[in-house]
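K.L.:
The structure under discussion is supplied below as structure tokens; questions concerning it will follow.
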Amino acid sequence: MSPPSSHQPSWLRRHIEGLGPYQSLVLLLIPASIVEPLKLAAVAITGEGHWITGIAVIVCAYAASLFLVERLFRIVRPKLLTLPWFARLWNWLLSLRANAVGWLRR
């Protein structure tokens, strides 16, 4: 039986939160592996002289990346941080970002 449509986002979020860390990683990689090549395709389309189409593709790709991948990452991040290698990588990226921001603020 399907859950009511008004409760579907919370039902879907609970289902995603119930996944294991590697399942969460695969779930995150699926939309990211579709969106990122679209950005490259948009550059190629623009390079062929189709400016409007290229810009439309890149805007849609960035919007999908921002709204879908980023939102999904926020949901699965706690599970991903249980993976030791991911936690080390994430902490390294956060320190790199903090150092870059500190350097730019000087």
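K.L.:
For the stretch 9-94, which helices (runs of 4 or more DSSP H) that fit wholly inside it have 3 or more residues that are among the charged types (D, E, K, R) and modelled with pLDDT of 90 or more?
P.N.:
Values: elements: 21-47, 51-64, 70-80.
Counting at least 3 such residues, we get 70-80.
K.L.:
Say we look at the stretch 29-57 and pick out the residues that are under 28 Å from residue 12 (Cβ atoms) and aliphatic (A, V, I, L, M); which of these is least open to solvent (accessible area, probe 1.4 Å)? Spell out the reasoning first.
P.N.:
From the stretch 29-57, those under 28 Å from residue 12 (Cβ atoms) are 29-39, 57; that's our starting set.
If we keep only those that are aliphatic (A, V, I, L, M) too, we end up with 29-30, 32, 34-35, 38, 57.
Working: 29: 96, 30: 91, 32: 25, 34: 101, 35: 9, 38: 75, 57: 38 Å².
The residue in question is 35.
K.L.:
Still on this model: Looking at (1) farther than 21 Å from residue 90 by Cβ; (2) touching a residue at least 60 places away in the same chain (Cβ under 8 Å); (3) of a type in the set (Asp, Glu), find the lone condition where residue 48 falls short.
P.N.:
(2)
K.L.:
Here is a follow-up. Of all residues in the stretch 10-43 being closer than 16 Å to residue 59 by Cα and among the small types (Gly, Ala, Ser), which is nearest to the chain's Cα centre (by Cα)?
P.N.:
Ranking the candidates gives 32 first.
K.L.:
May I pose another question? List the residue pairs whose Cβ atoms are under 8 Å apart, where the first residue sits in the stretch 82-98 and is among the β-branched types (Val, Ile, Thr), the second is open to solvent by less than 60 Å² (accessible area, probe 1.4 Å), and the two are 6 or more positions apart or on different chains.
P.N.:
So the pair list comes out as 82/21.
The values are calculated or read from the model by the stated rules, or taken from the named source; none is laboratory data. Quantities reported herein were computed from a predicted structural model and do not represent experimental measurements. All Cβ positions, glycine included, derive from the backbone under ideal geometry; neighbour counts span all protein chains shown. The accessibility values were calculated without ligands, DNA or RNA, using every heavy atom of the protein model including side chains. Shrake-Rupley method; radii C 1.70, N 1.55, O 1.52, S 1.80 Å.
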